[in-house]
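One structure is given here, and the rest of the page talks about it.
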């Protein structure tokens with residue numbers, strides 16, 4: 001057997017292994033759906049269709065009355081200020097902690113080596129800071145919001161603090177990772193001159209990561225304003241309070257108006273964010289400064305109550321008793337959380353895999369050829385229509401927070417895992433669609449260009465010219481979104497949509513502080529294990545040939 005035959009056989013075996021892996025993944029999704037107790041038929045039974053009809057009928061006639069519109073505008077401004085102040089707090093916290101979490105490379109033979117006790121102390125501090133960042137980002141914003149509502153009362157202050165802590169953990173982790181990935185020669189040159197850690201950070205690290213840090217902070221601002229619109233469901237101000245009231249009293253016309261405000265709000269912020277990215281750092285700092293001053297003036301936040309609150313201890317392990325019913329409940333809901341997140345991730349990935357190519361410019365309305373042949377006007381119009389319709393669908397699902405969608409699906413199909421799976425899947429359709437479309441836009445033009453030059457159609461160009469270049473990155477993004485969805489599942493459980501969030505909500509509502517402490521510790525361990533395994537699997541996926549590095553965002 002010659003070398004070409006051996007190569008062909010290896011390629012065929014690799015292809016069959018990929019088919020078998022896809023089949024196993026599909027079977028795992030079906031098995032998790034069955035074991036979670038979710039019943040998709042509820043979406044289409046008589047009760048579900050009647051509830052869906054009532055929701056759609058009410059939302060088809062939004063309430064544009066003057067008094068209600070004034071309230072929506074007022075709550076929209078409050079959500080905006082919550083998002084800005086929470087983001088500023090998160091950036092300050094995340095940047096400060098990332099400075100301590102960064103590992104600065106040393107020289108092989110430094111001119112002045114620090115004492116052993118100093119090096120070990122710095123390593124211990126760095127480990128502790130990374131643990132703090134992991135804890136902060138592992139607890140969903142809605143849990144922090146519940147806790148701060150208990151400490152300082154109802155209002156926007158709880159939302160600001162919740163966003164600041166969770167997003168601060170995300171920002172600190174990503175900023176540290178970006179700082180450790182900079183060009184090392186500059187750092188080593190500063191090390192050789194005896195520069196301090198602060199000087200290395202200021203002159204060696206910051207100039208290389210400034211644009212990436214600013215871009216991610218602006219991305220977090222968009223996400224945080226969206227988050228600020230939903231934390232009101234637990235009494236933390238913003239548009240979420242109106243969303244919760246509209247659903248509680250079946251006022252779907254008011255719900256439609258509020259959701260349209262959220263959609264318009266987030267789209268407008270994305271446009272502003274895009275302008276700020278192009279205009280430089282000073283414009284972003286100016287926007288953040290003015291927003292912070294306005295928020296501190298407008299939002300009545302009782303900062304002093306954080307230190308003088310008379311509320312009983314929130315976390316306690318006194319008289320700890322791990323009885324069998326409680327352990328069984330925790331284990332069951334951990335399993336339900338993982339299964340819900342996995343099913344939702346697979347469903348959204350499949351939908352995004354179909355819609356993302358339709359939203360990519362090169363695949364739908366462009367070409368990989370330097371001088372492409374002209375097509376008919378009707379064909380171009382059809383392709384443009386499909387592209388913009390796909391982008392609109394992905395944008396519409398992406399801006400709707402999981403918690404808002406969970407409230408809608410709880411009304412549609414009732415409480416339980418199905419509502420949570422649908423809410424997370426619908427939101428992630430848009431998120432993953434955007435990520436996938438960006439990946440499709442970044443492929444090397446050579447292979448698809450050759451296929452187009454030979455007369456291949458759009459489907460053949462995608463399957464044989466584009467997909468082989470990006471499949472590793474698509475798999476890595478899908479795995480990353482599963483990690484994010486584990487935390488999202490804990491959030492949607494607060495409105496009765498299954499998962500460990502349901503148990504957290506019960507413990508907080510009934511003031512079972514020992515149960516709350518154990519559940520939060522369990523969730524921290526769960527997120528840590530999932531993230532660790534995910535990091536290792538992603539690294540292995542991206543180590544395959546032709547796989548580009550993956551810059552993920554913690555949205």
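For residue 67, indicate whether it is surrounded by fewer than 22 Cβ atoms within 10 Å (Cβ to Cβ), more than 30 Å from residue 294 (Cβ to Cβ) and either assigned by TED's automatic domain parsing to the domain that holds residue 302 or modelled with pLDDT of 85 or more (or both).
Values: surrounded by fewer than 22 Cβ atoms within 10 Å (Cβ to Cβ): yes; more than 30 Å from residue 294 (Cβ to Cβ): no; either assigned by TED's automatic domain parsing to the domain that holds residue 302 or modelled with pLDDT of 85 or more (or both): yes.
For residue 67, the condition - surrounded by fewer than 22 Cβ atoms within 10 Å (Cβ to Cβ), more than 30 Å from residue 294 (Cβ to Cβ) and either assigned by TED's automatic domain parsing to the domain that holds residue 302 or modelled with pLDDT of 85 or more (or both) - is not met.
Identify the residue in segment 508-521 that is in a helix (DSSP H, G or I) and surrounded by fewer than 19 Cβ atoms within 10 Å (Cβ to Cβ) and, among all such residues, is nearest to the chain's Cα centre (by Cα).
521
Residues in segment 281-308 that are assigned to a loop (DSSP other than H, G, I, E, B) and surrounded by 12 or more Cβ atoms within 10 Å (Cβ to Cβ): 3 in all. Does residue 127 satisfy being over 22 Å from residue 82 (Cβ atoms) and either modelled with pLDDT of 80 or more or outside the structural domain of residue 294 (by TED's automatic domain parsing) (or both)? Spelling it out, residue 127 is indeed over 22 Å from residue 82 (Cβ atoms) and either modelled with pLDDT of 80 or more or outside the structural domain of residue 294 (by TED's automatic domain parsing) (or both).
How many residues are part of a helix (DSSP H, G or I) and either surrounded by fewer than 21 Cβ atoms within 10 Å (Cβ to Cβ) or at pLDDT below 75 (or both) when one looks only at segment 245-259? Can you show your working first?
Going through segment 245-259, the residues part of a helix (DSSP H, G or I) turn out to be 245-248, 252-259.
This time we only want the ones that are either surrounded by fewer than 21 Cβ atoms within 10 Å (Cβ to Cβ) or at pLDDT below 75 (or both), so: 245, 247-248, 253, 256.
Going through segment 245-259 one residue at a time, the tally reaches 5.
Of all residues in segment 414-428, those that are within 16 Å of residue 45 (Cβ to Cβ) and buried (at least 24 other Cβ atoms within 10 Å of the Cβ) total 3. Of the residues making up segment 528-550, at least one is surrounded by 18 or more Cβ atoms within 10 Å (Cβ to Cβ) and at pLDDT 80 or above. Scanning segment 335-352 for residues that are modelled with pLDDT under 90 and surrounded by fewer than 19 Cβ atoms within 10 Å (Cβ to Cβ) gives a single hit, 335.
Given the condition at pLDDT below 80, closer than 30 Å to residue 264 by Cα and in a helix (DSSP H, G or I), answer yes or no: does some residue in segment 34-45 qualify? Don't jump to the end; show me each part of the working.
Here is the first cut: in segment 34-45, the ones at pLDDT below 80 are none.
Looking for residues that are at pLDDT below 80, closer than 30 Å to residue 264 by Cα and in a helix (DSSP H, G or I), one finds none in segment 34-45, hence no.
Take the conditions part of a helix (DSSP H, G or I), touching a helix residue (DSSP H, G or I) at 6+ places or on another chain (Cβ under 7 Å) and either crowded, with 20+ Cβ neighbours inside 10 Å or not assigned by TED's automatic domain parsing to the domain that holds residue 201 (or both) and apply them to residue 171. Does it pass? In short, yes.
The values are calculated or read from the model by the stated rules, or taken from the named source; none is laboratory data. No experiment lies behind these values; they were computed from the predicted model shown. Quick reminder, even Gly has a Cβ in these numbers, built from the backbone with ideal geometry, and neighbours come from all protein chains shown.
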